Amino acid sequence: MTQHSDVVVIGGGQSGLAAGYHLRRLGIEHVILDAQAAPGGAWQHTWDSLQLFSPAAYSSLPGRFMPAQEGEVYPDAAHVVSYLADYEKRYELPVQRGAWVSAVHRDGPYLRVETSSGDWRARAVVSATGTWTRPFLPAVPGRRDFTGRQLHTVQYRSPAEFTGQRVIVVGGGNSGAQIAADLTGTAELTWVTQRLPRYLADDIDGRALFDAATARRRALDVGRTDTGGVASLGDIVAVPPVRAARDAGLLCAKPMFTRLTATGVEWADGARAEADVVIWCTGFRPALAPFAALRLRGARGHIATDGTRAVDEPRLHLLGYGDWTGPASATLIGIGRPARDAARQIRDLLG
Ligand code: FAD
């Protein structure tokens with residue numbers, strides 16, 4: 001049997017909840033479908049030592065401040081999960097868990113949402129599927145030849161399982177730097193980055209990132225020169241464990257190797273390093289597979305958007321994937337505004 005809701009939100013992480021908050025405020029009927037069994041989105045699956053790059057008060061969703069975590073300036077992922085679980089309950093957001101959305105189709109005046117627990121018919125759809133379910137691995141020669149273990153950021157939990165092993169961490173972003181820092185002292189670490197690590201100033205946190213992303217969006221909107229946004233500040237937020245490892249001289253990056261061998265990696269000059277494990281901290285892509293049938297993807301794999309609205313399907317809004325769907329929209333502090341704008345546009349669409 002097909003169920004109906006004016007709006008179907010796909011994904012019950014922070015972006016889906018922020019959408020639910022604003023849809024509820026505007027009195028718009030909606031349901032939030034989430035594949036997972038428990039609240040918290042991707043935060044349920046990050047590594048044990050992960051800490052936010054901002055204090056709690058600057059990591060809040062609309063309507064409710066994140067409470068401080070006892071004894072910590074920078075909350076950990078478990079704290080974010082409890083905050084999201086509490087947020088969902090407090091605003092009575094209609095989340096249905098264990099519902100995997102496989103496809104969205106056009107169906108006359110509706111969008112038909114196919115899920116593992118039956119179909120939905122909606123007048124508008126919000127995609128808040130995040131990126132965690134689409135880890136990206138670069139095509140590096142020899143990847144299949146390597147006989148050791150390879151994993152991606154999404155599979156890394158703690159340094160304990162790598163004790164004494166020769167581990168190569170690939171990636172000069174936040175995940176690479178944090179996981180490399182996590183492994184210092186436990187594993188025999190080699191950290192490899194495509195360019196020299198670029199740390200943001202030590203006193204910069206999520207607020208500054210949000211401001212930089214907003215300033216960039218504003219500049220672009222009025223035709224001014226691109227300010228470069230967050231990327232102009234650097235790639236790595238110097239959260240305390242990263243700062244400590246860096247200052248102790250334990251985070252010395254090597255340039256990217258050119259290939260993997262059966263037992264390690266090799267650089268262009270012929271230098272080699274043997275390894276038991278390679279951890280690919282090489283990023284993510286937006287999880288947009290359910291929208292394949294709508295044929296909206298542009299050249300870079302992105303769906304073209306005007307704000308959060310898909311240009312070629314105005315009944316679809318995208319939330320939380322990065323600056324292209326709103327300044328800093330892939331952060332806790334940044335998702336509120338795009339979620340509000342999407343809810344308002346949906347209200348206008350529904351009349
Ligand atoms: P997610 O949290 O991934 O939630 C998406 C939900 O949708 C998931 O529950 C997923 O199961 C579900 N879903 C996906 N596809 C489907 C489908 N087809 N059908 C049904 N359900 C589906 N941000 C900060 O503000 N501060 C930080 O300090 C910070 N640190 C970060 C550190 C790391 C290592 C990473 C990776 C990100 C960090 N971020 C941080 C960024 C950001 O806050 C997270 O990426 C955030 O989890 C994105 O939220 P989301 O709701 O968009 O996606």
Please express the shape of the chain as an equivalent ellipsoid: the semi-axes are the square roots of 5 times the eigenvalues of the C-alpha gyration tensor, given largest first in whole angstrom.
-> 36, 22, 20
Per its Cα gyration tensor (rounded if a/c is under 1.5, else prolate when a/b beats b/c, else oblate), region 302-351 is best filed as oblate
Row for region 40-171, column shape: gyration tensor on C-alpha, a ≥ b ≥ c, rounded if a/c < 1.5 i.e. under 1.5, prolate if a/b over b/c, else oblate; value oblate
Cα-Cα pairs above 17 Å in region 156-220: how many percent?
-> 54 percent
Region 1-139 - charge dipole about Cα centre, Lys and Arg +1 at Cβ, Asp and Glu -1, debye rounded to 20 | 440 debye
Percentage relative contact order, region 267-351, counting C-alpha pairs under 8 Å, at least six apart | 15 percent
Determine the percent antiparallel among the DSSP beta bridges restricted to the chain, to the nearest 5.
-> 40 percent
Take every DSSP beta bridge whose two residues both sit in region 11-115, then give the antiparallel share in percent to the nearest 5.
-> 75 percent
Sequence-distant residues sharing a close amide H with residue 150 (under 5 Å, placed H) | 278
Pairwise centroid distance, computed over Cα atoms, of region 233-280 with region 33-99, Å | 31 Å
Amide H contacts of residue 322 (H built 1.01 Å from N, under 5 Å, at least 5 apart or other chain) | 329, 330
Sum -39500 (n - 2.57) across every DSSP H segment of at least 4 residues in the chain, then divide by the residue count to get the 222 nm mean residue ellipticity, nearest 500.
-> -6500 deg cm²/dmol
Based on the alpha carbon coordinates of region 8-115, what radius of gyration and maximum Cα-Cα distance (Dmax) apply, in Å?
-> 15.3, 55
Percent RCO, i.e. relative contact order, over the chain, from Cα pairs under 8 Å lying at least 6 residues apart | 22 percent
Region 2-54: Rg to Rh, with Rh as the Kirkwood radius over Cα pairs = 1.08
Starting from the Kirkwood radius over alpha-carbon pairs of region 225-337, derive D by Stokes-Einstein at 37 °C in a medium of 0.692 mPa s and give it in µm² s⁻¹.
-> 181 µm²/s
Using Cα pairs closer than 8 Å and at least 6 residues apart in sequence, work out the relative contact order for region 192-351, in percent.
-> 18 percent
Take the alpha carbon atoms of region 102-183, find their radius of gyration, then divide it by 2.2 N^0.38 Å using N residues; give the quotient.
-> 1.69
Counting only residues 5 or more places away or on other chains, whose amide H sits under 5 Å from the amide H of residue 99 once H atoms are built in the peptide plane?
-> 34, 35, 36
Whole-Å distance linking the alpha carbon centroid of region 180-194 with that of region 310-329 is 35 Å
When ranked by the protection proxy of mean other Cβ atoms within 10 Å per residue, highest first, what sequence do the peptides 32-44, 156-168, 127-139 form?
-> 32-44, 127-139, 156-168
So how do 314-321, 100-107, 142-149 stack up, highest first, on mean other-Cβ count within 10 Å?
-> 314-321, 100-107, 142-149
Region 141-291, dipole about Cα centre (Lys/Arg Cβ +1, Asp/Glu Cβ -1), debye to the nearest 20 | 420 debye
Report, please, the projected area of region 238-291 averaged over directions, based on the convex hull of its C-alpha atoms, in nm².
-> 6.7 nm²
Residues with beta-carbon under 13 Å from that of residue 288, excluding residue 288: net charge, scoring Lys, Arg +1 and Asp, Glu -1?
-> +4
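Any read-out appearing in this document is the output of simple, stated calculations on the displayed coordinates, not a laboratory observation. All of these numbers come straight from a predicted model, not from anything done at the bench. Glycine also receives a Cβ, built like all others from the backbone with ideal geometry; neighbour counts cover every protein chain displayed.
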